[in-house]
Every structure is written in C-alpha cells, then in structure tokens.
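The structure under discussion appears below in the form of structure tokens.
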Amino acid sequence: MAVTRDEVLEKIRDELESIKVPNAREATPDNTWSDLDVDSLDLVELVKALEDEFKITISDDDLKPIESVGAAIDLTMRLVEEGAPA
C-alpha cells in the first residue's frame, strides 16, 4: 500500500481537528506537539487513528522519540512500507 506524506499529514490534521486541537488544519511537519498544544491523551487518540487508517501498529518504543508532526509522518510511512502487522 503506497502512502504519500501528504496523505499522512492530512490524516493527522483530520484527527487533531476531531479532538479539538486549535489550528489543527494549519499543522505542518515542522510543528512539535507542544507547538500545537497536543497532550499525551491527544497523542494516544492520534496513534489509534493512524493505526486504524494505515493498518499499522505503533509500539511505545517507536512513539517515544516522536516529538513532531514530521516525525510522526516519517514513522507512519516507514511502518506502512515495512508492512507492520495491525
């Protein structure tokens, strides 16, 4: 399943918007979670949405170094490429 960076970014924006993160539609790969005022509970919901959408599993170890939207995009794309089991 080929996925583009723009598709992952759009899913992240959609999910942030659904959990009422201010300015979610303007999120860019350069934004950190603190820039967007995203807390740990918001991240849990975001991870679940990415897992469901792209049929991947994001482990806690994978998630620890993810501090920005761009890093989340890169991780999601890597896991999709690897065909990580859902």
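Could you state the orientation-averaged shadow area of the convex hull built on the Cα atoms of segment 1-42, in nm² to one decimal?
Values: hull surface 12.9 nm².
Averaged projected area of segment 1-42's Cα convex hull equals 3.2 nm².
What accessible area per residue, rounded to a whole number of Å², is obtained for the chain using a probe radius of 1.4 Å? Display every interim value, and only then the final one.
Numbers: 5080 Å² over 86 residues.
Per residue, the chain has an accessible area of 59 Å².
Would you kindly state how much longer the chain becomes between Glu17 and Arg78 on full extension, computed as 0.36 nm times their sequence separation minus their alpha carbon distance, in nm to one decimal?
Working: separation 61, 0.36 × 61 = 21.96 nm, distance 2.41 nm.
Stretched out fully, the Glu17 to Arg78 stretch lengthens by 19.6 nm.
About the Cα centre, and with charges only on the beta carbon of Lys, Arg (+1) and Asp, Glu (-1), how big is the dipole of the chain? Nearest 20 debye, please.
Dipole size: approximately 120 debye.
Once you put a point 7 Å from the Cα of Arg5 and another 7 Å from the Cα of Asp35, both along the Cβ direction, what distance in nm separates them?
1.3 nm
The values are calculated or read from the model by the stated rules, or taken from the named source; none is laboratory data. What you see is a predicted model; the values in this text were computed from it and never measured. All Cβ positions, glycine included, derive from the backbone under ideal geometry; neighbour counts span all protein chains shown. Side chains included, ligands, DNA and RNA excluded: accessible areas come from the protein's heavy atoms. Shrake-Rupley method; radii C 1.70, N 1.55, O 1.52, S 1.80 Å.
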